[in-house]
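See structure below.
The values are calculated or read from the model by the stated rules, or taken from the named source; none is laboratory data. Every value quoted in this text rests on a predicted model; they were computed, and no experiment measured them. Every residue, glycine among them, receives a Cβ derived from its backbone with ideal geometry; neighbour counts consider all protein chains shown.
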Amino acid sequence: MKITRFYATENSESRFVEIDIPIEHGQRDADGNTLHFSNSYPSPNVRFAELPDGMVQSWHHAPARQIVVVLSGELEVGTTDGQTRRWHAGEAFLADDLTGKGHTTKTIGGSARVLFAPLPDGFDIGRWSA
């Protein structure tokens, strides 16, 4: 499964990159279906948020290295190289820019509901990325 990560570069800018989260661990359920899972991680505090219609956030850092899952609505994130990307319900990204100029965020076409799942301290993204 691929998701987008945005991160701070060594020169304090921000960039997007695609990462792969391998879904390799098969497990059968009680009905005989094989479900496939990624490696797990303990999250220090998962929470839900509702972001208002018309929200525009200027340059800011992610408050923590975190997976963000869009549950409803649409979000747009911008990086310092002028790129923007959008995520809809059912899509996820990794906010990983704790330093530098950061990124911009805005809701598109209404409010958005999201789930924040922070990574634990010292989490090695290489555990997932190929």
Given the structure, is N39 touching a helix residue (DSSP H, G or I) at 6+ places or on another chain (Cβ under 7 Å) and more than 22 Å from T99 (Cβ to Cβ)? yes
All but one of (1) modelled with pLDDT under 95; (2) more than 29 Å from N11 (Cβ to Cβ); (3) of a type in the set (K, R) hold for R127; state the number of the condition that does not hold. (2)
The range 1-28: number of residues that are aliphatic (A, V, I, L, M), surrounded by 14 or more Cβ atoms within 10 Å (Cβ to Cβ) and assigned to a strand (DSSP E or B): 3
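One line per residue, one yes/no per condition, for (1) touching a Ser or Thr at 6+ places or on another chain (Cβ under 6 Å); (2) assigned to a strand (DSSP E or B); (3) free of Cβ contacts under 8 Å to residues at least 60 places away in the same chain:
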site: A30; (1), (2), (3): no, no, yes
site: L35; (1), (2), (3): no, yes, yes
site: A49; (1), (2), (3): no, yes, no
site: G54; (1), (2), (3): no, no, yes
site: A64; (1), (2), (3): no, no, yes
site: V68; (1), (2), (3): no, yes, yes
Quick one: would you say I23 is in contact with a Ser or Thr (Cβ under 6 Å, 6 or more places away or on another chain) and more than 20 Å from V114 (Cβ to Cβ)? yes
With the first residue restricted to the range 82-95 and required to be of a type in the set (S, T, Y) and surrounded by 14 or more Cβ atoms within 10 Å (Cβ to Cβ), and the second required to be modelled with pLDDT of 95 or more and part of a strand (DSSP E or B), Cβ contacts under 7 Å at 6 or more apart or on different chains are none
Contact list, first residue from the range 101-130 and more than 28 Å from I23 (Cβ to Cβ), second anywhere and surrounded by 14 or more Cβ atoms within 10 Å (Cβ to Cβ) and among the β-branched types (V, I, T), beta-carbon distance below 8 Å, six or more apart or interchain, is K101/T80; T104/V77
